[in-house]
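See below for the structure under consideration.
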Amino acid sequence: MRILVPIKQVPETNEVKMDEESGTMIRAGVTSIVNPLDLYAIEEAILLREAHGGSVTVISMGPQTAITAIREAISMGCDDGYLLTDRRFAGSDTWATAYVLSEAIRKLGAFDLVICGERATDGDTGQVGPELAAFLDVPILSYVAGLQVDGDDVIARRLVETGYESYRCPLPLVVTVVKEIAYPRLPTL
């Protein structure tokens, strides 16, 4: 099973400051971390690989400093990682981000599952996962709280306002996961 996990490096939330004139986040001089909600996606990917074999690849788009996010994911147990970095990517919205990630995923080749965090804590839109699925032309399940692989299908438990829904979907597939999916392990040295 080949699993891809898009991750994002975000500012530490307790250090966020806004530029009052532009309305944008000031990132200079702020500690950056792996998006906390992406850690749940990483953990679920590693658990699925441990149960079914295969590989887990992380991919991120950001400045050169985002290599620390890739390294952290690898230290958690991911097999490899790719950083897409170019000054032209600066200030990308969710559509541009999903497009760049989808093109990189195409170059990486066939995959079975893309697992995304529910949303990034710096933008809070939750749009990249669904847009990524649209660009890759594969189904998406959002707000997934449980995943099981059954042959060429995935059985997903999806969180909704009234409780849970259960779905069976064929692979390849993109999912966005909620915190309930797994408890992230600590990185190793």
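Convex hull over the Cα atoms of the range 55-177, averaged projected area in nm²? Kindly include the intermediate steps, with their values, before the conclusion.
Numbers: hull surface 31.9 nm².
For the Cα atoms of the range 55-177, the hull's average projected area reads 8.0 nm².
Summary value for the range 57-143: 26 percent relative contact order, contacts being C-alpha pairs under 8 angstrom separated by 6+ residues. Relative to the current alpha-carbon distance between D137 and C169, full extension at 0.36 nm per residue lengthens the span by 10.1 nm.
Less than 5 angstrom separates the built amide H of I33 from those of V10, E12, all sequence-distant by 5 or more or on a different chain.
Mean-square fluctuation check for the chain, GNM, Cα pairs under 10 Å: which of L47, L141, L37 is largest? Maximum fluctuation in the GNM of the chain, among the listed residues, is at L47.
When you restrict to C-alpha pairs under 8 Å that are six or more residues apart and normalise by the size of the range 81-188, the relative contact order lands at 27 percent.
Expressed as a whole percentage, what fraction of the accessible surface of the chain belongs to carbon and sulfur atoms when a 1.4 Å probe is rolled over the protein heavy atoms? Can you show the working numbers first?
Values: 5160 of 10020 Å².
Its accessible area is 52 percent carbon and sulfur atoms.
For the range 53-161, what is the accessible area per residue in Å² when the probe is 1.4 Å? Before the final figure, lay out the partial values.
On the way: 5440 Å² over 109 residues.
Using a 1.4 Å probe on heavy atoms only, each residue of the range 53-161 averages 50 Å².
Could you order peptides 163-170, 177-184 by the average number of other Cβ atoms within 10 Å of their residues, highest first?
Values: 163-170: 11.9, 177-184: 18.6.
Going by the mean number of other Cβ atoms within 10 Å, highest first, we get 177-184, 163-170.
Across the chain, C-alpha contacts under 8 Å between residues 6 or more apart give a mean separation that, scaled by the residue count, equals a relative contact order of 25 percent.
Could you calculate the FRET efficiency of T188 with T31 from 1/(1 + (r/R0)^6), where r is the beta carbon distance between them and R0 is 25 Å, rounded to 0.05? Working shown, then result.
Values: r = 21 Å, r/R0 = 0.85.
Efficiency for this residue pair is about 0.75.
Take the Cβ atoms of K107 and K179, set R0 to 35 Å, and the FRET efficiency comes out at 0.65.
The values are calculated or read from the model by the stated rules, or taken from the named source; none is laboratory data. What you see is a predicted model, and the numbers here were worked out from it, not measured in a lab. As a convention, Cβ positions derive from the backbone with ideal geometry for all residues, glycine included, and neighbour counts pool all protein chains shown. Protein only, heavy atoms only, side chains kept; ligands, DNA and RNA dropped before computing areas. Shrake-Rupley method; radii C 1.70, N 1.55, O 1.52, S 1.80 Å.
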